[in-house]
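Below is one structure, written out as structure tokens; the observations come after it.
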Amino acid sequence: MNALELQEGHLSDTQVQQYWEQGYLFPISVFGTQKAAQMRAELEWIESEWSAADLPRSVKTYKRVNAHAVMPFAYDLAQRAELLDVVEGILGPNILIYGVEFFIKEPKTPHYVSMHQDLTYWGLGDTQKMVTAWLALSPATVESGCMEFVRASHKLAIRPHKDTFAEDNLLSRGQEVQANVPSSQRTAIELAPGQISLHHGMTIHGSGPNLSDDRRIGVVIRYMSTDVQPQNNAPDYAVLARGEYDFSAFRPIPKPSALFAPEALKAYDEIRQAQASVKLANTKVSKDPFHE
Ligand SMILES: O=C(O)CCC(=O)C(=O)O
């Protein structure tokens, strides 16, 4: 599929309209192939240098949730103007980063992501002002287990989900939307390295296993407008990426001074503990805030 044509790095009105109609938009070429390869090399350097290091949590845990709190690379990536220029078309000028996550499926592995709506357990209500940018750092194809989106599913309410805690499910609680989603309703979101898709916080989506010979590497960046309000009393955290914000509702996450810097590791645990009190509320099986 041809990449959408941006207007000096920004979405056109028609593309914005298409996002609100479908609940997603793709493929958007944000970085060139070379830049994407450089980002992948940086990630893979971190993996090879740090995986055996004596850290409080595994590198896998740090990559999977809130990577920006401990990895300057992830913090800076989420702030890139190329991404924010696109996201601004959906959220307006005041943009927060809610999370950065690496969704990685190793070659020929069974891991999948069950069909779900992101906002189900985040304690942010059914806000319209949250969008995920999913950046491919390797080819995301049907064979490698690219995402699948259900068109216009964001227009309905958040549906009931069932926690499965299934072993091969990459989601923290293996949550699965209680809705029948026939394959005819799913759109495969194939992306080349350096391309992104955008999806609304209520769009039903998931992905299958990676049957290819390469890793499938996605950087998932959750952006929201500064209007979003946590619906619970527990503290929640964000980073200001563009525009203005007084941090009245979210607490700031400082940029880590270095990779896995001690003060960042400490802050990381505080953030995960606080978020778990909302995100893992009502789960019967696991209340471990670092459960993957
Ligand atoms: O990377 C995947 O396959 C799923 C990612 C996902 O669920 C998300 O970005 O919300």
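Every read-out reported here was derived from the displayed coordinates using simple, explicitly stated rules and does not represent laboratory data. If you're wondering where the values come from, they're calculated on a predicted model, not measured in any experiment. Please note: Cβ atoms are built from the backbone with ideal geometry, for glycine as well, and neighbour counts cover all protein chains shown.
Cross-link check: pairs LYS105/LYS255; LYS105/LYS279; LYS162/LYS255; LYS105/LYS129; LYS155/LYS255; LYS35/LYS162 evaluated at a Cα-Cα cut-off of 30 Å; pairs beyond the cut-off: LYS162/LYS255; LYS155/LYS255; LYS35/LYS162. Where does the Debye-calculated log10 I(q)/I(0) of segment 144-208 sit at q = 0.27 Å⁻¹, using only Cα point scatterers of equal weight, no solvent? Result of the Debye calculation: -1.36.
Sorted largest first, the principal axis extents computed over the alpha-carbon atoms of segment 8-86 equal 50, 26, 17 Å. Here the sum of -39500 (n - 2.57) over DSSP H runs of 4 or more residues, divided by the residues of the chain, equals -7500 deg cm²/dmol at 222 nm, to the nearest 500. Shown here is the pair-distance distribution of segment 25-279: with all Cα-Cα distances grouped in 10 Å bins from zero up to the longest one, the shares run 7, 31, 40, 20, 2 percent.
With distances taken between every two different alpha-carbon atoms, segment 89-240 has a Kirkwood hydrodynamic radius of 15.9 Å. Mean separation of Cα pairs under 8 Å and 6 or more residues apart, divided by the residue count, gives segment 25-279 a relative contact order of 32 percent.
Arrange the peptides 138-150, 4-16 so that the one whose residues have, on average, the most other Cβ atoms within 10 Å appears first. Let's see the in-between values first.
Working: 138-150: 21.9, 4-16: 13.2.
The densest-packed peptide leads the list: 138-150, 4-16.
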